[in-house]
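The values are calculated or read from the model by the stated rules, or taken from the named source; none is laboratory data. Just so it is clear, the structure is predicted and the values come from calculations on it, not from any experiment. Methodologically, a virtual Cβ is constructed for each residue, glycine included, from the backbone with ideal geometry; neighbour enumeration extends over all protein chains shown.
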Amino acid sequence: IQQLFGVLKNYAEQFDQLHIFLKAYLCVEVKKRLPQVLQNKGETTFSQQIRTLSEALKGEQGQRFAVFVQARYPLILVDEFQDTNQDQDDMLASIWRHPERYQKGCMIMVGDR
């Protein structure tokens, strides 16, 4: 009986390891496939929208696009500014904190610090 318990314990440990591996594998696969699945459905995520906007601003027509966005939204309020990531901050900077821009705009940042 002790030998049986030893075998069962070994199977349980292997099952736990398999469970951890499968979770990690599923996470990787979902992350890899999600953008295409969403695109096929005409859907997106907030993170993907930020990446797309960031790429557009860095592209060939990026400066022109930034001028257009600032003209369309001359005043913005960024709440929880302390929670912005680098991509978001770069995007905001290229549109509303650009020193060479002639158009006047205003960005109000609200945050904890």
Kindly establish whether Glu55 is among the charged types (D, E, K, R), under 28 Å from Pro35 (Cβ atoms) and either free of Cβ contacts under 8 Å to residues at least 24 places away in the same chain or touching an Asp or Glu at 6+ places or on another chain (Cβ under 6 Å) (or both).
-> yes
Have a look at Leu38, Leu18 and point out the one that is assigned to a helix (DSSP H, G or I), more than 21 Å from Asn85 (Cβ to Cβ) and outside the structural domain of Thr84 (by TED's automatic domain parsing).
-> Leu18
Go through the range 54-83 and count every residue that is touching a strand residue (DSSP E or B) at 6+ places or on another chain (Cβ under 7 Å) and among the β-branched types (Val, Ile, Thr).
-> 2
Does any residue of the range 57-75 turn out to be over 22 Å from the mean Cα position of the chain (by Cα), among the small types (Gly, Ala, Ser), part of a loop (DSSP other than H, G, I, E, B) and at pLDDT below 90?
-> no
Unmet requirement for Ala24, which otherwise passes all of (1) in the same structural domain as Gly105 (by TED's automatic domain parsing); (2) in a helix (DSSP H, G or I) | (1)
